[in-house]
Amino acid sequence: MALSGSVAFKATTENNLIFSWAAVQIAAENCSYINWQLLLEAKYFGRIDANPGSPWTVVIAGQEFTGTTCLAIGNNETKVLASGMAKVFHAADGTGSFDFSFDQVFWINWGGNLIERVTGSGSAELDPIARASQPRLSATDLELGGSLEIFTDRAPDFTHTLQYRFGNASGVIAQDVTDSCRWTPPLGLASQIPNAVSGTAVITCTTYAGGAAIGKKEVTVTLTVPASVVPTASATWEDASGAYGALGAYVKNITRLAVTVSGTGVYGSTVTGASVTLGGKAYSGGIITDSGELSLVVSVTDSRGRTGTAVYPITVADYSPPGLSLSASRCTADGTADDTGDHACITVSGFVTQVNGSNAANLTLTYGGQSVTAQFAPGEVFFQKTVYADPDTTMAITARLSDKLVSSSRTMVLSTGYATLDLLAGGKGISFGKAATREGFDCAMDAYFRKGLFEIHEDGSVDSRSLFERVAALEAKL
């Protein structure tokens, strides 16, 4: 490989024909301009007297040149017979060569021999012309927002323009680059891959020589969306049970949160799914059964498969519905216990849970068509009342204890105070149709007798007349 050369061909014993060439390479055109000469060299006895109109032909890389020349030359001289310039194009990779040949008519007598013409041929391999630079990268994978070095491996005097393509986006990285430059792909390029976390970018290097573009070469790099690029998640909610509105607190076993999740994709991604957990468990709006400090976590997933979360602390108050018990027993007007009394002693007891420092309760007691109410602060509940209760009839009694959230109720029926048969304490009295309150036989019921009643005297004898007969005789006398 060379940029110049010469080859000598014998014409006479004292003369040589020399083909000489020198190349000027133009990188922008990927060609070499061959300046050539056909020379006649005379040695010590090389003098030639000849007709000045001797034809010649030179062919270089298929290009033909013709003309005539004068062969006259003195001893020890060198003479240019012909010259010119030929354009030789190089291959795409910059390599080049050319073939040459010449034909020079002499038509002289030399030493008794007729020399009609002298011909010669040969070839030359040219220095390769540097072509478009092949860029190299300092890294083959890069996170968006990071940077890498682009090397051009340039030939002398070459400059470059570096550009990128990524999805539908493109742009100029740098111009007039000589050896290298640094590129920081912007994070906004993530919008070109809304459904993936990475993609391939193409970097094009256009090489310039003398201001003219001589070619382009490409290299690729994988660009990745940083793990920090995730969708944003947020949530709003309300207590569908009304507990928060009533007490200013979320309440165990009562509160039901209606959660609305919002999500926004980032750099072109779209939200494809959402989830909610409460206290570490999946939550879909049911009644909250835990209490204390809980975390409401909402998550959204985007089209890249990335997940964004938002965490909200929620305090849930411990709570139990009002506890309630109801009892009633007959008594006298002054409250003395009496199973057949015409009054009733009604007792209500229970408990109300304090929530957020409040939660007052109302008690409604209904009995015999009447009702009475009472209010209680959170804590123990106790209420007692003595009321009239007809001993001959039963009485329905209902107690309802209501706090700010729910109600508990109990119902019972007070039995009558009527006794079909009652024995007096001590065994000396018996009553029918009433409670025994005195000694002897006490009947408060209608009496029906199917047989006679006879009086037994102290001596054990029996009056032969029944009581009915004796009454009837007495009535006859009247």
Which ones in segment 57-101 are closer than 28 Å to THR12 by Cβ, part of a strand (DSSP E or B) and of a type in the set (S, T, N, Q)?
THR57, THR66, THR68, THR69, THR78, SER83, SER101
Pair list, Cβ under 9 Å, 6 or more apart: segment 292-313 residue touching a residue at least 12 places away in the same chain (Cβ under 8 Å) and at positive phi, other residue outside any strand (DSSP E or B) and among the aliphatic types (A, V, I, L, M):
GLY305/ALA196; GLY305/VAL197
Cβ pairs under 9 Å, 6+ apart, first in segment 367-394 and under 16 Å from SER327 (Cα atoms) and aromatic (Phe, Trp, Tyr), second open to solvent by less than 50 Å² (accessible area, probe 1.4 Å) and not in a strand (DSSP E or B):
TYR367/ALA389
Within segment 189-205, which residues are touching a residue at least 60 places away in the same chain (Cβ under 8 Å), open to solvent by 10 Å² or more (accessible area, probe 1.4 Å) and among the β-branched types (Val, Ile, Thr)?
ILE193, VAL197
Number of positions in segment 195-222 that are acidic (Asp, Glu) and at pLDDT below 95:
0
List pairs: first in segment 153-170 and farther than 20 Å from TYR208 by Cα, second open to solvent by 20 Å² or more (accessible area, probe 1.4 Å) and of a type in the set (S, T, N, Q), Cβ under 6 Å, 6+ apart or cross-chain?
PHE166/GLN192; GLY167/GLN192; ALA169/GLN192
Among the residues of segment 155-175, are any closer than 27 Å to VAL230 by Cβ, modelled with pLDDT of 95 or more and among the basic types (Lys, Arg)?
yes
Scan of segment 210-229 for residues that are hydrophobic (A, V, I, L, M, F, W, C) and surrounded by fewer than 20 Cβ atoms within 10 Å (Cβ to Cβ), ordered by number
ALA212, ALA213, VAL219, ALA227
Would you be able to tell me the number of residues in segment 268-293 that are surrounded by 16 or more Cβ atoms within 10 Å (Cβ to Cβ), part of a strand (DSSP E or B) and among the aliphatic types (A, V, I, L, M)?
4
Note on segment 155-188: residues in contact with a strand residue (DSSP E or B) (Cβ under 7 Å, 6 or more places away or on another chain), under 24 Å from THR307 (Cα atoms) and open to solvent by 20 Å² or more (accessible area, probe 1.4 Å) are GLY167
Could you count how many residues in segment 1-45 are closer than 20 Å to GLU64 by Cβ and under 60 Å from the mean Cα position of the chain (by Cα)?
1
Can you tell me which residue in segment 348-364 is farthest from SER408 (Cα to Cα), limited to those that are outside any loop (DSSP other than H, G, I, E, B) and open to solvent by 30 Å² or more (accessible area, probe 1.4 Å)?
SER358
Looking only at segment 62-92, count every residue that is open to solvent by less than 50 Å² (accessible area, probe 1.4 Å), closer than 15 Å to ASN35 by Cβ and among the small types (Gly, Ala, Ser) and tell me the total.
3
So which of THR152, THR95 is buried (at least 17 other Cβ atoms within 10 Å of the Cβ), in contact with a Pro (Cβ under 7 Å, 6 or more places away or on another chain) and among the hydroxyl-bearing types (Ser, Thr, Tyr)?
THR152
So which of ASP103, ASP127 ends up being open to solvent by less than 60 Å² (accessible area, probe 1.4 Å) and within 27 Å of GLY53 (Cα to Cα)?
ASP103
Does ASN253 satisfy the condition of being over 18 Å from the mean Cα position of the chain (by Cα) and part of a loop (DSSP other than H, G, I, E, B)?
yes
Could you count how many residues in segment 294-343 are closer than 28 Å to THR264 by Cα and either of a type in the set (S, T, N, Q) or surrounded by fewer than 16 Cβ atoms within 10 Å (Cβ to Cβ) (or both)?
11
Could you tell me how many of the residues in segment 365-381 are more than 15 Å from THR347 (Cβ to Cβ), open to solvent by less than 50 Å² (accessible area, probe 1.4 Å) and part of a strand (DSSP E or B)?
1
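The values are calculated or read from the model by the stated rules, or taken from the named source; none is laboratory data. Bear in mind that the values here come from a model prediction, so they are computed numbers and not experimental data. Every residue, glycine as well, gets a Cβ built from its backbone with ideal geometry; the counts of neighbours run over all protein chains shown. Side chains are part of the model used for accessible areas, which takes the heavy atoms of the whole protein and leaves out ligands, DNA and RNA. Shrake-Rupley method; radii C 1.70, N 1.55, O 1.52, S 1.80 Å.
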